[in-house]
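First comes the structure, then the notes that go with it.
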Amino acid sequence: MSAILRVGVIGLGFFGARHAAIHAAHPSARLVGICDRDPEALRAVGSRTGARCFADFHELLALPDLDAVSICLPDRQHEAAAVAAARAGKAILLEKPLAHDTAAAKRIVAAVEAAGVRLMVGHILRFDPRYVQLFHASAPERLGTPIHLRAKRNSTRATARRLGAASSILFYMGVHDVDAMQWLARSRITRVYAQKCQTLGTGNEDVLYAVVNFENGAIGSIDYSWAWPDGLMNGFRSAMEVVGTRSAAYVDTSDQGFYVVGQDGTSGGDTHLWPEINGRIVGDLADELDHFIQATLSGRPYLQHHQEALDAVPVLDALAESARSGQPVDVIR
């Protein structure tokens, strides 16, 4: 492979537009093509980046000068694009979650492995300095044996309305913490018991609470809500804690460290995920894409193997089934 990774982006929504901007500005990448069925999104991103525009991802994947793609479609559309990219021989950066259910996720992995191409799933917390430090603080020699973990992730009802039935609180938000909890605990979740509430009529669950059990004997709790009013500072807040026999550690992202105070109240801004600073996107997302570009060019392993990313999806399926049935559910892998 050359010293420049020639990349395309499929799906130009909230994340896809940012992927395109980061790839276009990266010194070791060249954005050769973008794809979306929305002609306005295609024109807008195309005019900013100069990339060739396609309405059909098969045409983008057929480009002879394309090495890799970022797939940033809604999770229920991941399978068709990822399988096609694998068969076309392209390295794939797939926005989380891997897929909308375990069966589809396994088909994507099978296609990738059959084609001998590389797949990285965009679990952004693996690139957040706060969570990475939490991972190191949770090492067995420091934490001891894990006793319990707690994950909290809250967003606004505007997010739920925007997504509608295209995703769910589990697959859009929950995958972050399911993956992170298994990563931090060094152990897989085996059993879940969840409850949910739907009141606001956004097309999604408003809230989901769950208790989860790990293979190593630890117990965890999950608190997901996107029922918060749209005035929630920064539009989200999250926290994670790990308690062990020797020590404990936690992350709380409700304070981003930046505030604007006006007559109508106090607001904040993103200082970690994908802030635009001095004309370019920096932070966790930029670091994630930089890792994908550099590791793909060099051939070194991605930080997370795709089989580990796959491990989160059966937990999400079990959580959804438990919330539907009101009964504890074993995770089937």
Query raised in the report: Among the listed residues D317, D270, which satisfies the condition of being surrounded by 12 or more Cβ atoms within 10 Å (Cβ to Cβ), charged (D, E, K, R) and assigned to a loop (DSSP other than H, G, I, E, B)?
Result: D270
Query raised in the report: When you scan the stretch 125-140, how many residues do you find that are open to solvent by less than 10 Å² (accessible area, probe 1.4 Å) and assigned to a helix (DSSP H, G or I)?
Result: 2
Query raised in the report: Taking the stretch 234-267 as the region of interest, how many residues are of a type in the set (A, V, I, L, M, F, W, C) and either under 21 Å from the mean Cα position of the chain (by Cα) or open to solvent by less than 30 Å² (accessible area, probe 1.4 Å) (or both)?
Result: 6
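Regarding the stretch 323-331, can at least one residue be identified that is out of contact with any strand residue (DSSP E or B) (no Cβ under 9 Å at 6 or more places or on another chain) and open to solvent by 80 Å² or more (accessible area, probe 1.4 Å)?
No.
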Report summary line: Those residues of the stretch 141-169 which are in contact (Cβ under 8 Å) with a residue 40 or more places away in the chain, part of a helix (DSSP H, G or I) and more than 15 Å from V242 (Cβ to Cβ) amount to R157, A158, T159, A160, R161, L163, G164, A166, I169
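Report, by residue number, each residue of the stretch 273-287 that is in a loop (DSSP other than H, G, I, E, B) and open to solvent by 30 Å² or more (accessible area, probe 1.4 Å).
Scanning the stretch 273-287 gives W274, N278, G279, V282.
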Query - Test: residue in the stretch 225-236 that is part of a helix (DSSP H, G or I) and in contact with a Leu (Cβ under 7 Å, 6 or more places away or on another chain) - result: no
Query raised in the report: Tell me, which residue of the stretch 232-286 that is among the hydroxyl-bearing types (S, T, Y) and at pLDDT below 90 is farthest from A137 (Cα to Cα)?
Result: T266
Requested in this report: Can you run down the residue pairs with Cβ atoms below 7 Å, 6 or more apart or on separate chains, where the first is in the stretch 193-208 and buried (at least 20 other Cβ atoms within 10 Å of the Cβ) and the partner is of a type outside the set (A, V, I, L, M, F, W, C) and part of a loop (DSSP other than H, G, I, E, B)?
Outcome: K196/E205; N204/S168; E205/S168; E205/Q198
Query raised in the report: Quick check, is D223 modelled with pLDDT under 95, surrounded by fewer than 17 Cβ atoms within 10 Å (Cβ to Cβ) and either within 25 Å of H272 (Cβ to Cβ) or among the aliphatic types (A, V, I, L, M) (or both)?
Result: no
Query raised in the report: Pick from the stretch 24-54 the residues that are touching a residue at least 60 places away in the same chain (Cβ under 8 Å) and in contact with a Lys or Arg (Cβ under 8 Å, 6 or more places away or on another chain): which of them is surrounded by the most Cβ atoms within 10 Å (Cβ to Cβ)?
Result: A29
Report summary line: Filtering the stretch 75-124 down to residues that are under 23 Å from A320 (Cα atoms), of a type in the set (K, R) and part of a helix (DSSP H, G or I) yields R76, K106, R107
Query raised in the report: Can you pull out the residues in the stretch 288-308 that are surrounded by fewer than 18 Cβ atoms within 10 Å (Cβ to Cβ), of a type in the set (D, E, K, R) and either under 21 Å from the mean Cα position of the chain (by Cα) or at pLDDT below 95 (or both)?
Result: D290, E308
Requested in this report: Scan the stretch 245-260 residue by residue and report those that are under 19 Å from T271 (Cα atoms) and assigned to a loop (DSSP other than H, G, I, E, B).
Outcome: T253, S254, D255, Q256, G257, F258
Query - Hits in the stretch 170-198 - residues which are modelled with pLDDT of 95 or more and assigned to a loop (DSSP other than H, G, I, E, B) - result: R186, S187, R188
Query raised in the report: If we scan the stretch 66-73, do we find a residue that is in a helix (DSSP H, G or I), touching a residue at least 40 places away in the same chain (Cβ under 8 Å), buried (at least 24 other Cβ atoms within 10 Å of the Cβ) and hydrophobic (A, V, I, L, M, F, W, C)?
Result: no
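The values are calculated or read from the model by the stated rules, or taken from the named source; none is laboratory data. Predicted, not measured: the structure shown is a model, and the values here were computed from it. Please note: Cβ atoms are built from the backbone with ideal geometry, for glycine as well, and neighbour counts cover all protein chains shown. When the accessible area is computed, the model is the full protein with side chains, heavy atoms only, and any ligands, DNA or RNA have been set aside. Shrake-Rupley method; radii C 1.70, N 1.55, O 1.52, S 1.80 Å.
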